[in-house]
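So the structure is just underneath, and the comments pick up after that.
Taken together, the values in this text are just the output of simple stated rules run on the coordinates, not laboratory data. In this text, all values refer to a predicted model and were calculated from it rather than measured experimentally.
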Amino acid sequence: MPQRLSKVGSISKHIPGKQPRLMRLRQILEVIPVSRSTWLRGVQAGTIPAPVYMGRTPLWRSDDVDRLVETLEGK
């Protein structure tokens, strides 16, 4: 079941030098060149991090997206 957030500030611990933030799908697709449907299939399959929700809006933690990019780059 997806996590739901009541406030943006409760998403994660503060990381020195980097503010965690939430990203919309269109922002992610600017960084990771896949289609919207491919991304959502990956979420369903569990190969891509699940979103958190603010109301009905799915948002992804920037830290999760960064980790995924590093994994895809083979770091």
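Structure summary
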| item | result |
| --- | --- |
| For region 52-64, Karplus couplings with θ = phi - 60° (6.51, -1.76, 1.60), whole Hz, Gly/Pro x | 9, 10, 10, x, 9, 8, x, 9, 10, 5, 4, 4, 5 |
| Relative contact order computed over region 21-73 (Cα-Cα under 8 Å; 6+ residues apart), in percent | 43 percent |
| Under Karplus coefficients 6.51, -1.76 and 1.60, residue-wise ³J(HN,Hα) of region 28-36 in Hz, glycine/proline x | 5, 5, 6, 8, 10, x, 10, 7, 4 |
| Long-range amide H partners of M54 with built H, under 5 Å | L59 |
| Tensor-based shape of region 19-75 (alpha-carbon gyration tensor, a/c under 1.5 rounded, otherwise prolate or oblate) | oblate |
